[in-house]
């Protein structure tokens, strides 16, 4: 089974999609799947034993782009990178290299991972044109102004008519895709993590006599609403005093300076700390020292950081309109709220109620079932087998010649 994993974003760029794809591809290779990652991101030709075809100038560290991709999403800088993918001064462009790779008849199936960027749409459309069985997985919520763009793409590209299998990473994200996919069926392929790693290192401490530790871990981007979290925590502190709790925000990104200024403006550096990006082992240790994990964002299609915290035994306070609903049980291991005001009230309740603290920590003591990265890889392999076992005629044969194995394949 020869599978092309096509993605705009891949390591060494850092983020939830990148980490998920690293774990997924490593597990697929270990299971005997012939995986090749196709990505416009510059970087090494192998990552943890997985072959990576960099669709850029591999002789240059920045890929030869006029607007090299930043190490994390920044919106404006990403826009220049998008343009480079299709119209860059270096030929062939990343998109031209992608088309050549997919048309070379060395794959049985293409699995295209979407992060609300144009390259994935172009990749899926080309795979459909050449009759390559195709799966799409969407990793980002469609919200705000993106809804208008989604409607436009839906009718411009006739996406609901594509003969592909669509998937979202959560039930919440599946609903957000309706402006783009219409009534097309959308399954769910959850993200996963190394639950044994995050569970290792002991249990989450009961709230001590000292300060209660609140933790957030995220890419520092406007979309993550960490500024709103700081404002909410400061409001709670002003109402009840800050001496009995602390907030630590782990992560890095383009919003770092703005968040630092906001903390200084509130004079909250005595109980709010920006810890920067931490290695996984240090973040796990911080999970064990903390008592509550907070997710203030609304546009969270899954939230791998919350799953990692939950596997560490840390209860979660999050917005209820996000993908965390698929692996959290409100009232047992989590509190889900509707808005910032409700988040503030829930935080105060947690701080003031030792019984609630103990109950949620007890409820989060065991990892949720079915979200280990090996479970996720097994679900992907079953899907690939299902699609490739049909042996049906390709939707648009790449050529008049029979493929080497003598079997044409397609998907419904």
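What's the whole-number percent of alpha carbon pairs in the stretch 1-50 lying beyond 15 angstrom?
38
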Given the rule -39500 (n - 2.57) for each run of at least 4 DSSP H residues, summed and divided by the residues of the chain, what is its mean residue ellipticity at 222 nm, to the nearest 500 deg cm²/dmol? -11500 deg cm²/dmol
Which three semi-axes in whole Å describe the equivalent ellipsoid of the stretch 195-363, each the square root of 5 times a Cα gyration tensor eigenvalue, listed largest first? 21, 18, 16
Least to most buried among 14, 371, 167, by other C-beta atoms within 10 Å and fewest first, runs 14, 371, 167
With r as the distance between the Cβ atoms of residue 147 and residue 90 and R0 = 35 Å, compute the FRET efficiency 1/(1 + (r/R0)^6) and round to 0.05. 0.55
Binned Cα-Cα distance frequencies in the stretch 278-389 - 5 Å width, integer %: 2, 12, 20, 21, 19, 11, 6, 4, 3, 1, 0, 0
Output needed: percent of Cα pairs per 20 Å distance bin for the chain, bins running from 0 to the one holding the longest distance. 26, 55, 18, 1
Explain nothing, just the number: relative contact order of the chain, from Cα pairs under 8 Å at least 6 residues apart, as a whole percent. 16
Angle between the Cα long axis of helix 226-240 and the longest principal axis of the chain, 0 to 90 degrees, nearest 10? 10
Compute the relative contact order of the stretch 60-166 as a whole-number percentage, counting only Cα pairs closer than 8 Å that sit 6 or more residues apart in sequence. 19
Please list, by residue number, everything in the stretch 7-43 whose backbone N is under 11 Å from a paramagnetic label point 7 Å out along Cα→Cβ of residue 66. none
So, R0 is 22 Å and r is the distance between the beta-carbons of residue 381 and residue 196; what FRET efficiency does that work out to, to 0.05? 0.65
Pairwise label distance in nanometres, residue 222 with residue 345, each label 7 Å out on the Cα-Cβ vector: 3.0
Extension length gain for residue 238 and residue 175 (0.36 nm per residue less Cα distance), in nm, is 18.9 nm
Helix 94-103 vs. the chain, principal-axis angle (Cα, 0 to 90°, nearest 10): 60
Expressed in angstrom, Rg and Dmax over the Cα atoms of the stretch 1-143 are 14.0, 40
Looking only at the chain, where both bridge partners belong to it, what percent of the DSSP beta bridges are antiparallel (to the nearest 5)? 5
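Fewest Cβ neighbours within 10 Å first, please rank 79, 153 accordingly. Each step should come with its number before you reach the end.
Numbers: 79 12, 153 17.
So the ranking, lowest neighbour count to highest, is 79, 153.
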If the chain between residue 104 and residue 1 were fully stretched, how many nm would it gain, using 0.36 nm times the residue separation less the Cα-Cα distance? 35.5 nm
At a 10 Å Cβ-Cβ cut-off, how would you order 263, 212, fewest neighbours first? 212, 263
Tell me the label-point distance for the pair residue 356, residue 156, using the 7 Å Cα-to-Cβ offset, in nm and rounded to one decimal. 4.7
Stretchable slack from residue 289 to residue 188, in nm (0.36 nm times residue separation minus alpha-carbon distance): 33.0 nm
Between the Cα axis of helix 76-87 and the main Cα principal axis of the chain, the angle (0 to 90°, nearest 10) is 10
Using label points projected 7 Å from each Cα along Cα→Cβ, tell me how many nm separate residue 365 and residue 260, to one decimal. 4.2
How high is the relative contact order of the stretch 195-363? Use alpha-carbon pairs under 8 Å, at least six apart in sequence, and give a whole percent. 28
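Values in this text are rule-based calculations from the coordinates and carry no lab data. Bear in mind that the values here come from a model prediction, so they are computed numbers and not experimental data. We place every Cβ from the backbone using ideal geometry, glycine too, and count neighbours over all the protein chains shown.
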